[in-house]
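In what follows, a single structure is set out as structure tokens and then discussed.
Here, each number is a calculation from the coordinates, and none is a lab measurement. Being a predicted model, the structure only gives us computed values, none of them experimental. All Cβ positions, even for glycine, are placed from backbone atoms using ideal geometry, and neighbour counts span all protein chains on display.
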Amino acid sequence: MPTTTPALIADSSSSGFRQGTIEHRDLRPDDVLIDIAYAGICHSDIHTVREEWGPAHFPLVTGHEIAGTVAAVGEEVTRWSVGDRVGVGCLVDSCGECEMCLDDHENFCTKGAVGTYNSKGYDGEWTKGGYARQVVVGERFVLRVPDAIELSQAAPLLCAGITTYTPLVRWGAGPGTKVAVVGMGGLGHMGVKLAAAMGADVTVLSQSLSKEEDGRAFGASDYRATSDPQTFTDLRGAFDVILCTVSADLPVDQYLRLLKTFGTFVMVGLPENDQSVNFGSLISGDKAMTGSNIGGIKGTQEMLDFCAEHGIGATVEVISAGEVDAAYDKVVGSQVRYRYVIDTSTIIPAD
């Protein structure tokens, strides 16, 4: 029989969430049924529900920052047992056969990776995310959450953590490097923690100094306000890597001037509008401008293990199901410190 579970359901881009019941597929031989303890609220959830990135498929259950324990496994599952502490991130399927999948980059599957929600699976069914009491996922896409990380603090690592970890590793953040993190929100605060743990000298570039105390506590050695023009004068040519975590319009050329020769500007935010770049800002110092999109399953597990080794978890505010609509507005207003996480035990079906 299919699994039914309480969930938070959006019926349209403007409806808000209602508490109801959804149905998951029958457990396949390679499936894992997870009792969800916590689900992080990612800004991507908001963009999707509000159709700011294009039409969504309703009714919709969002959430791709999932942490909980294994409740049941299919008969062919070998990696997981009932009671294991696990997580699920942004992906729940890929072909497993293409060059990208074989190279542990399932997020770039050439057949098309299947997202955790608002994505049509290879079986033709639409996926349902983590704002629910349970989820069913193929065992390849389940991740081990180390005991050293609280489940509530682990949930946001499945998106915010891997989104910032991947480019920091790829572009060499570590001892002897200077890294700037643009923005100190859900993504940015993880970027600061991870870069500092890697041994980099970290500076936060934020609109104001209102979060400076937190930024320094997370590991930043410097904190500057981008609203102060002097910041762009004082820090010219200062950084090996700039990790931009914001999804707002930016004076990109000003930030490129903050790079050292051969430095790299990495965008992990996704502004709604096209951004303008003067290529002279790149050519003048052999600088690179690039983007980064989450990470594969192997890299995500490495990130979780790194966080456990270094005592890193997301800084969260745990909320109930009834607070989610208000939380969305607060996320947009930059009023969360630094990730809202839903206690899914508070989701009770109303129908």
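Some values worked out for this structure:
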| read-out | value |
| --- | --- |
| Residues residue 332 and residue 232, FRET efficiency given R0 of 35 Å [Cβ-Cβ distance, rounded to 0.05] | 0.85 |
| Neighbour cut-off at most 10 other Cβ (10 Å), DSSP loop, GluC sites (Glu not before Pro), the stretch 251-335 | 272 |
| At most 16 other Cβ within 10 Å, DSSP loop - trypsin sites (Lys or Arg not before Pro), the stretch 87-154 | 111 |
| Pairwise FRET efficiency - residue 30 versus residue 318, Cβ, R0 = 45 Å, nearest 0.05 | 0.90 |
| Longest site-free stretch - the chain; sites: chymotrypsin sites (Phe, Trp or Tyr not before Pro), DSSP loop, at most 11 other Cβ within 10 Å | 123-278 |
| Three-way shape label, the stretch 28-158, alpha-carbon gyration tensor, a/c 1.5 | oblate |
| More than 23 Å apart - percent of Cα-Cα pairs taken over the stretch 163-291 | 21 percent |
| Residue list for the stretch 217-255, given a label point 7 angstrom along the Cα-to-Cβ vector of residue 275 and an amide N cut-off under 12 Å | 242-255 |
| Relative intensity, log₁₀ I(q)/I(0), of the chain from a Debye sum that treats every alpha carbon as a point, q = 0.10, 0.14 Å⁻¹ | -0.59, -1.13 |
| With Cα atoms, 0 to 90° folded angle of helix 297-310 axis to the chain main axis | 70 degrees |
| With Cα atoms, 0 to 90° folded angle of helix 160-170 axis to the chain main axis | 50 degrees |
| Farthest toward positive dipole pole in the stretch 163-291 [+1 Lys/Arg, -1 Asp/Glu at C-beta], among 221, 177, 192 | 177 |
| Cα centroid separation - the stretch 165-218 against the stretch 1-70, whole Å | 30 Å |
| Most mobile listed residue (43, 64, 189) in the chain, GNM with C-alpha springs under 10 Å | 43 |
